[in-house]
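Handing you a structure now.
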Amino acid sequence: MALSEKLDSIPPSLIRRFFDLASSMKDIISLSIGEPDFDTPQHIKEYAKEGLDKGYTHYGPNIGLYMLREAIAEKLRRDNNIDIDPEKEIIITVGANMPILMGLATFLREGEEVLIPEPVFVSYAPAVILAGGKPVMVPTREEEEFKPRNEDLKNYVSEKTRALIINTPNNPTGTVYTRKDLEEIADFAVEHDLMIISDEVYEYIVYDGFKHISIASLNGLFERTITVNGFSKTFAMTGWRIGFAVAPSWVIEKMVKLHMYTVTCPVTFIQYAVAKALRDKRSWDAVENMRREYQRRRDLVWKRINEIGLSAFKPKGAFYIFPNIRNTGLKSMMFSEKLLREAKVAVVPGIAFGKEYDQYIRISYAVKYEKLNEALDRIEDFLRNKGMI
């Protein structure tokens, strides 16, 4: 199938649909988009200006500036227990979406299958399709904290299965995988000889004493794992579009070739700024301040959601909550549209994250505390006026 045909087969993102619709209306409180409301820390902006002044305005290496690859390697050793060669085992990319497609393209053959536990971020299945594969969706259950169990995965694995995509902390549920969870997934991957794409962009946004663990740090897993990450969420740099992938050298070599013939390289002065930021204590102080505020908001929204008569798994990470709206009698699309038009609150219908989740909605609490509280008041009034609570 030609790339143009694959593109025709992929529907637009429902997240963007509701974001765009909300943007065209007045007095909307948007809880739909997964973007930090914090500004990029000032010292990181200053580093970008410094990079410009120092002449980082030209092409960089296809693989990314060495100074940034080295700084990320230091961070990986310190925080993730992953020891890599910055020369050969890391690539700097334009955001963290791109390396998912790039990573799949390095090994996936036409028609091979990729297991994707649901509910799931909307980009994964399209990336598999564009890379020539077939996404195989694996439902998970709220009562099991939306975690994929090996018995579930075994029901969907086949001779054509080549890889598994995981996301922890998870978008849209806020689930965080424990070491035990990852060890079970690792055993499954080894047993079925699967590659793993591990999306870890929310790694520093965790609560209640949880600690993020990278599956590539487990014994023997590095050689079959492509770890995808970036700085959009960590340093509130969504518009800067800078990410990275860590993988065995044979994977990175192929990803560099794809980079070479698409984007050439990420913006060089931004790479300079991030390299400096990674070694600056102020950056990590800012990360911790943001994490604390996200936890404060998580506590508010989880408490209010349960008080108003809905229910939700308590997120352990990221900045999303995935309420169950079964009691309202509405499916997620109808609920979200009515909420937007009548209460002027934008959320994302659960069906955007998997067909099994049409009785859920996703709320992003990456908005100011006061605005979040106002949005929850509007949701409560909407439910009460409709006789749903």
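The values are calculated or read from the model by the stated rules, or taken from the named source; none is laboratory data. Computed from a prediction, not measured in an experiment: that's the story for all the values here. Glycine gets a Cβ as well: all are built from the backbone with ideal geometry, and neighbour counts include every protein chain shown.
This table checks each residue for (1) within 15 Å of the chain's Cα centre (by Cα); (2) at pLDDT 95 or above.
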position	(1), (2)
Asp85	no, yes
Asn97	yes, no
Phe107	no, yes
Glu112	no, yes
Ala125	yes, yes
Ala131	no, yes
Thr140	no, yes
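Right, next: Tally time: how many residues in region 121-144 are touching a Phe, Trp or Tyr at 6+ places or on another chain (Cβ under 6 Å) and not in a helix (DSSP H, G or I)? Walk me through it before giving the result.
In the first step, residues of region 121-144 are kept if they are touching a Phe, Trp or Tyr at 6+ places or on another chain (Cβ under 6 Å); the result is 136, 138, 140, 142.
This time we only want the ones that are not in a helix (DSSP H, G or I), so: 136, 138, 140.
Of the residues in that region, 3 qualify.
Out of Gly60, Gly103, Gly64, Gly95, which single residue is of a type in the set (Gly, Ala, Ser), farther than 30 Å from Lys160 by Cβ and touching a strand residue (DSSP E or B) at 6+ places or on another chain (Cβ under 6 Å)? So that I can check it myself, show each step before the final result.
Numbers: Gly60 fails: touching a strand residue (DSSP E or B) at 6+ places or on another chain (Cβ under 6 Å); Gly103 fails: farther than 30 Å from Lys160 by Cβ; Gly95 fails: farther than 30 Å from Lys160 by Cβ.
The unique qualifying residue is Gly64.
Is there any pair linking a residue in region 363-389 that is outside any loop (DSSP other than H, G, I, E, B) to one that is among the small types (Gly, Ala, Ser), with Cβ under 8 Å and at least six apart or on different chains, and which?
Ser364/Ser32; Ser364/Gly34; Arg378/Ala343; Ile379/Ala343; Asp381/Ala343; Phe382/Ala343; Leu383/Gly309
Let me ask something else. Checking the condition surrounded by fewer than 24 Cβ atoms within 10 Å (Cβ to Cβ), closer than 17 Å to Asp85 by Cβ and of a type in the set (Ser, Thr, Tyr), which residue from Ser232, Ser249 passes?
One residue alone meets the criteria, Ser249.
Hey, another quick one. For region 352-362, what are the residues that are within 19 Å of the chain's Cα centre (by Cα) and outside any helix (DSSP H, G or I)?
Result: Gly354, Tyr360, Ile361, Arg362.
Does region 245-267 hold any residues that are under 23 Å from the mean Cα position of the chain (by Cα), among the aliphatic types (A, V, I, L, M) and farther than 17 Å from Ile100 by Cβ, and which are they?
Val267
Here's a follow-up. Does Leu101 qualify as being more than 30 Å from Ala312 (Cβ to Cβ) and free of Cβ contacts under 8 Å to residues at least 60 places away in the same chain? Talk me through it step by step, then tell me what you get.
Working: more than 30 Å from Ala312 (Cβ to Cβ): yes; free of Cβ contacts under 8 Å to residues at least 60 places away in the same chain: yes.
Considered against the rule, which asks whether it is more than 30 Å from Ala312 (Cβ to Cβ) and free of Cβ contacts under 8 Å to residues at least 60 places away in the same chain, Leu101 comes out as yes.
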